[in-house]
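Peer 1: The structure under discussion is supplied below as structure tokens; questions concerning it will follow.
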Amino acid sequence: MERSTAEIADAVEYVCRHQHRLREVLGSGPGAAPLDAVVGVLRAGGDPRQSLTDLHRALRVAGDALGVFGRSRGSWDLAGSDRHARQEPVLLCPQGTLYPCARFAFPAPGATPRCEVSGEPLRRDVIG
């Protein structure tokens with residue numbers, strides 16, 4: 001099954017945010033190798049589609065009924081954003097446009113949040 005770019009981005013975001021919990025779930029089943037493979041591909045800037053599919057299957061075997069693709073949101077608007085203005089600042093995945101995750105944050109005073117995979121600060125952009 002071919003996954004959409006939005007589904008891949010949602011899955012990457014889920015993996016990035018929940019690595020510790022996923023590691024625990026995989027510990028009771030096939031082990032963390034599929035998770036480590038996804039993180040390795042993301043750090044290298046590669047195509048995560050196959051490794052995400054492998055992780056999804058491993059999570060299902062370990063008893064996680066939704067895996068990484070069962071949580072996809074599809075098309076959405078950011079809560080609190082003005083759909084017509086679309087010039088609001090936002091912090092996004094530092095990977096850019098190749099295979100980014102769906103994580104976002106709104107800029108706030110203090111330190112910029114960092115990517116859970118690369119450790120780089122989230123990149124500033126505008127909703128548009």
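Peer 1: How much length is gained on full extension from R124 to R17, taking 0.36 nm per residue of separation minus their Cα-Cα distance?
Peer 2: Numbers: separation 107, 0.36 × 107 = 38.52 nm, distance 1.90 nm.
Gain in length upon complete extension: 36.6 nm.
Peer 1: Next question. How much accessible area does E7 have with a 1.4 Å probe, in Å² rounded to the nearest 10?
Peer 2: E7 exposes around 50 Å² with every protein chain in place.
The values are calculated or read from the model by the stated rules, or taken from the named source; none is laboratory data. Quantities reported herein were computed from a predicted structural model and do not represent experimental measurements. These area figures cover heavy atoms from the full protein model, side chains too; ligands, DNA and RNA do not enter into them. Shrake-Rupley method; radii C 1.70, N 1.55, O 1.52, S 1.80 Å.
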